[in-house]
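The values are calculated or read from the model by the stated rules, or taken from the named source; none is laboratory data. Remember, it's a predicted structure, so these values are computed and weren't measured experimentally. So basically every Cβ, Gly included, is an ideal-geometry build from the backbone, and we count neighbours across all protein chains shown.
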């Protein structure tokens, strides 16, 4: 039992990851798919950040009296990954705008229908 | 360096200058890559520490025979396609967007080179996303509106793939506390029995397979290739999947090691089945396509199957054949897509019905297409023959007769879809009067195309360079060097 609760951060990660991936697959709306993708990526950020925490560790700044620090490297990595994620989202949204002006719809099945009718 | 060129292209914002800058830079990159390859062949590994941090903490660039070879392939194709793109994109893009095209192209090239050269797994992820994001944009630049939806589809799939890779990297970091490829390779055997590492391995392999468009994760590829501008298709088809393939090799052989990947995780069997599936599904789907660009896209899926098949043998000949096919497929697919680009430039369509009798109107282009196609089939004296020869040899070494037979059978399927185009272009409908009259493509497009075709023939006859390097690279990988 303590094993289950002790690793609660990983349960959150797994839940978010599955929820995000499910939204990406199941939703027909292109914007909602992007939201799902973001949730999926956020799960990975939490995975990285939570592994950096050491029990009792403080922020990795030189302060008198502490010897135990959290690992700063994952934070740096995730900062980069967040930037990548933002860029991806921006590009995806831009594409959706273009798709909307070309098809006047953001529903996957309607777009598919329009393509078939040619 | 190409990363530097991208903002320059934007700043200049003038078509010819932007072209000049990007072509100049990619030719320089080509020269550097050639020098690097020569250097690694002579001396072994080159390592460069970014920002002066030692490799364990900072990011390290590391070049050995394998990635020097891939660098050479990527820069060669990039330069040739750029020479070609100057005219071809005039017909396919809105004029105002052309400098943007060069900027994105340079970003994509920079990303791909970064992926290839880096010795740090997280850095690899970042570079991969740089190249992926710019390639989504390149695809969406096309005037065809379906390009938008296919770019979107590619984006969703690509991002999921990259995120999977990131999860795998995170799990490996949890267990080993390092991101450097060499340190990972040293640290992994100690913990390789744990569930975490097995999960990490699965995430990484699936993530890369999405990027690689391995069946059954290939669905983004045909649309993305079919609706992108021709120059973009030629570039992405012959570099992006190749670099993804290199990443796969790097993870399997250098980081995880042959023993872990193939005996603990049974990857050989999985890849064998998926590779064969890819070959047959891809080739069969290609036969039924009317859009020739789409046909070649499906054929790419099949060719990736050949490479995966080579890897699944996990012998020097098999892996060497895969690396060789990486090189050969890059030049023949680029040539075929460039030929189609010429057709599109004059005809405005790549549908097989519209290509009736085209062999008489555009003889140079279509001859190039035929030679490229024969090379894809694997006719002797062409590069396709060489890599298939080694693949069959690899299968026979293992005593797997049925697989060798399957490779030969798949070549026949290739012949079927290439023949469809040849049949329409040369043999059927003798005298079509087209309005307006279709003429040969301009020399600015034909020259790069023929350069690739001649390279096709050259490396089919004189194999010492490509085979020698590929085999040494395979030995290097299997020897656990790196």
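Laid out as a table, the results:
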quantity: Test: residue B:309 is more than 20 Å from residue B:270 (Cβ to Cβ), assigned to a helix (DSSP H, G or I) and in contact with a helix residue (DSSP H, G or I) (Cβ under 6 Å, 6 or more places away or on another chain); calculated: no
quantity: Given (1) at pLDDT 75 or above; (2) touching a strand residue (DSSP E or B) at 6+ places or on another chain (Cβ under 9 Å), number of the condition residue B:404 does not satisfy; calculated: (2)
quantity: Residues being surrounded by fewer than 22 Cβ atoms within 10 Å (Cβ to Cβ) and within 8 Å of another protein chain (Cβ to nearest Cβ) - total across the range B:138-151; calculated: 2
quantity: Those residues of the range A:75-95 which are within 7 Å of chain B (Cβ to nearest Cβ) and either at positive phi or surrounded by 18 or more Cβ atoms within 10 Å (Cβ to Cβ) (or both), in sequence order; calculated: A:77, A:81, A:84, A:88, A:91, A:92, A:95
quantity: Residue that is over 28 Å from residue B:86 (Cβ atoms) and crowded, with 24+ Cβ neighbours inside 10 Å, where the choices are B:242, B:211; calculated: B:211
quantity: Unique match (being over 24 Å from residue B:419 (Cα atoms) and in a helix (DSSP H, G or I)) among B:234, B:285, B:202, B:302; calculated: B:202
quantity: Qualifying residue in the range B:179-199 (condition: outside the structural domain of residue B:310 (by TED's automatic domain parsing), modelled with pLDDT of 85 or more and in a helix (DSSP H, G or I)); calculated: no
quantity: Members of the range A:107-118 that are more than 10 Å from every other protein chain (Cβ to nearest Cβ) and modelled with pLDDT of 75 or more; calculated: A:107, A:109, A:110, A:113
quantity: Verdict on residue B:210 being closer than 14 Å to residue B:160 by Cβ and in a helix (DSSP H, G or I); calculated: yes
quantity: Residue ID - farthest from the other protein chains (Cβ to nearest Cβ), chosen from residues in the range B:152-204 that are under 23 Å from residue A:46 (Cα atoms) and touching a strand residue (DSSP E or B) at 6+ places or on another chain (Cβ under 8 Å); calculated: B:180
quantity: Which listed residue, of A:10, A:45, A:103, A:69, is at pLDDT below 85 and closer than 20 Å to residue B:171 by Cα; calculated: A:10
quantity: Of all residues in the range B:105-117 being within 14 Å of chain A (Cβ to nearest Cβ) and buried (at least 24 other Cβ atoms within 10 Å of the Cβ), the one that is farthest from residue B:449 (Cα to Cα); calculated: B:115
quantity: Test: residue in the range B:84-91 that is out of contact with any helix residue (DSSP H, G or I) (no Cβ under 7 Å at 6 or more places or on another chain), outside any strand (DSSP E or B) and away from every other protein chain (no Cβ under 11 Å); calculated: yes
quantity: Residue in the range B:66-82 that is farther than 21 Å from residue B:329 by Cα and at pLDDT 75 or above present; calculated: no
quantity: The listed residue being in contact with a helix residue (DSSP H, G or I) (Cβ under 8 Å, 6 or more places away or on another chain) and assigned by TED's automatic domain parsing to the domain that holds residue B:441, out of B:237, B:231, B:335; calculated: B:335
quantity: All positions within the range A:24-51 that are facing chain B (nearest Cβ under 7 Å) and surrounded by fewer than 19 Cβ atoms within 10 Å (Cβ to Cβ); calculated: A:51
quantity: Answer residue from the range A:90-110, given it is in contact (Cβ under 8 Å) with a residue 40 or more places away in the chain and touching a helix residue (DSSP H, G or I) at 6+ places or on another chain (Cβ under 6 Å) and is nearest to residue B:178 (Cα to Cα) among those; calculated: A:92
